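**Q** Dropping a structure here in structure tokens format, bear with me for questions.
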Amino acid sequence: MNGARFFEWLQSADFYRALHGEAVAMVPATGGRWLDVGCGPGLVTRLAAARGFEALGVDPSAAMVEAADTRRDELAGKRLLSTATGAHPAARFEQASLDDLVASGATAHVVSAASLVLVLPKPRAGLEALWRLVEPNGHLLVIETMPALTFTSAVRHAQHFGDLGLVLWGLARSGRSVAPLLDAFRPPDLASSAHQPLCAGLVGAWSFTRRPSQELHP
Ligand SMILES: C[S@@+](CC[C@H](N)C(=O)[O-])C[C@H]1O[C@@H](n2cnc3c(N)ncnc32)[C@H](O)[C@@H]1O
């Protein structure tokens, strides 16, 4: 199974969709641009679009972008993306890396990074780069595994969450986590931050809100 196929499978698992849905719900549904960096097959991007945002998912892997486009079109075909109040804008996907976004000066009201920071070669620099993409008054949403996620803890919880994907995730992470880096992230223009445990505390979501611009330049 290649990477895109694996993440398509993982993103379709109930426990994975539920925890990412909870994380996305941490962000007030104000609308505006939402940039999902390292989107893979696009789960968080689609959840953001369903919440009324103009959602763009980016990933440097062409296979991931293709998988995200295909999944969006399949769901649209089945009319699973329509809301009670009517159609919302469909998620869009483009091939780009975090460095490409910074270089192009891209910004968004919400920037999300799900299971991205740990896989970056320099997690701290990556986190700071993500923060630079956030507009004043906007939010950075980071979803990452906690040190508690190991093969053993995943097996213990898998019965409850009923998914092999959690066990494989635990095996892959084996307690490796950027939670301490996220807990300590306090950029000078931070207005507030919140942390929410997900999936019985094996995963966490961090939401960082940036100050309005007038507070930066009084
Ligand atoms: C562990 S997967 C997570 C995928 C998806 N966000 C999820 O939570 O299911 C990490 C993703 O980040 C992408 N990625 C790796 N390096 C990146 C970079 N420098 N900039 C943006 N995305 C990157 C990979 O191609 C991959 O799709």
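The values are calculated or read from the model by the stated rules, or taken from the named source; none is laboratory data. Since the model is a prediction, treat every value here as computed from it, not as a measurement. Using ideal geometry, Cβ is built from the backbone for each residue, glycine included, and neighbour counts are taken over all protein chains shown.
**Q** Which of the residues that make up segment 8-48 are more than 12 Å from the ligand (Cβ to nearest atom), surrounded by fewer than 24 Cβ atoms within 10 Å (Cβ to Cβ) and under 14 Å from the mean Cα position of the chain (by Cα)?
**A** Listed by number, the residues that qualify are 18, 21, 22, 25, 26, 27.
**Q** Residue check, residue 134 against (1) exposed (fewer than 14 other Cβ atoms within 10 Å of the Cβ); (2) under 30 Å from residue 103 (Cα atoms), all met but one. Which one?
**A** With respect to (1) exposed (fewer than 14 other Cβ atoms within 10 Å of the Cβ); (2) under 30 Å from residue 103 (Cα atoms), residue 134 is out only on (1).
**Q** List the residue pairs whose Cβ atoms are under 6 Å apart, where the first residue sits in segment 115-141 and is free of Cβ contacts under 8 Å to residues at least 40 places away in the same chain, the second is in a strand (DSSP E or B), and the two are 6 or more positions apart or on different chains.
**A** Partner pairs satisfying both residue conditions: none exist.
**Q** Every residue in segment 1-44 that is more than 22 Å from residue 192 (Cα to Cα) and assigned to a loop (DSSP other than H, G, I, E, B), please.
**A** If the condition is that a residue be more than 22 Å from residue 192 (Cα to Cα) and assigned to a loop (DSSP other than H, G, I, E, B), then 1, 2, 12, 13, 38, 39, 40, 41, 42 are the ones that fit.
**Q** Out of the residues in segment 12-51 that are at pLDDT 95 or above and polar (S, T, N, Q), which is farthest from residue 95 (Cα to Cα)?
**A** Filtering segment 12-51 for residues that are at pLDDT 95 or above and polar (S, T, N, Q), the one farthest from residue 95 (Cα to Cα) comes out as 30.
**Q** Run residue 54 past the list (1) under 20 Å from residue 163 (Cβ atoms); (2) modelled with pLDDT of 95 or more and report the number of the one that doesn't hold.
**A** (1)
**Q** Considering only residues that are small (Gly, Ala, Ser) and at pLDDT below 90, look in segment 78-104 and name the one that is nearest to the ligand (Cβ to nearest atom). Reasoning before the result, please.
**A** The initial filter retains those residues of segment 78-104 that are small (Gly, Ala, Ser), namely 82, 84, 86-87, 90-91, 96-97, 103-104.
Those still in the list that are at pLDDT below 90 too: 82, 84, 86-87, 90.
Numbers: 82: 24, 84: 27, 86: 28, 87: 25, 90: 18 Å.
For segment 78-104, the residue satisfying everything is 90.
**Q** Then there is this: Would you tally the residues in segment 50-77 being within 15 Å of the ligand (Cβ to nearest atom) and outside any strand (DSSP E or B)?
**A** Residues flagged as within 15 Å of the ligand (Cβ to nearest atom) and outside any strand (DSSP E or B) within segment 50-77 amount to 13.
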